[in-house]
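These notes are about the structure you will find just below.
Nothing in this text is a laboratory measurement; each read-out follows from the coordinates by a stated rule. Keep in mind the model is a prediction, meaning the values are calculated, not measured. Glycine gets a Cβ as well: all are built from the backbone with ideal geometry, and neighbour counts include every protein chain shown.
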């Protein structure tokens, strides 16, 4: 797929529209290498893995929730229901639900531009980085942003302990 075709895809266009509405134009980058995983994205961008924002979807009491976690961390699923004020178990959302709710396939799930509104919880450890990178709707597309822009764009709640050191 050409760079123009990637940028013109409906899923990437949804991300571009959200960014443009916030005054953040020309942010989406097309990568020659895949950014399907945080490790892949960090290598393609020549950056540290922790600066990659992983957009992970879980369910709590059957309702979807988005967890934005640093690329060098794993999500503490026990923190999700606590942050939502629920006494429940968080479970990884199946791929079909991820696509139905966000409109993105796993590996290209952006933190913005979802088809349906859902709560967003943000790993406080992402504050360590001046520049963050997130998926932009396709496995070869990312966008750069600051911590403040991530908070503003997602309207997410910062959660201490959401991201645990990777095992």
Sorted largest first, the Cα spans of the range 3-165 on the principal axes come out in Å as 46, 31, 27
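Restricting to the chain, what percent of DSSP beta bridges are antiparallel, rounded to 5?
Details: 22 of 30 bridges.
Roughly 75 percent of the DSSP beta bridges within the chain come out antiparallel.
Quick one: compute the contact order of the range 3-165, relative version, from alpha carbon pairs under 8 angstrom and 6+ residues apart, as a percent.
With pairs under 8 Å counted, the relative contact order is 28 percent.
Given the -39500 (n - 2.57) contribution per DSSP H run of 4+ residues, what per-residue ellipticity at 222 nm results for the chain, rounded to the nearest 500 deg cm²/dmol? Write down the numbers at each step before the final one.
Working: 6 runs with 47 residues, N = 167.
Calculated mean residue ellipticity at 222 nm is -7500 deg cm²/dmol.
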Pseudo-spin-label distance residue 95 to residue 61, built 7 Å along Cα→Cβ, given in nm, is 3.0 nm
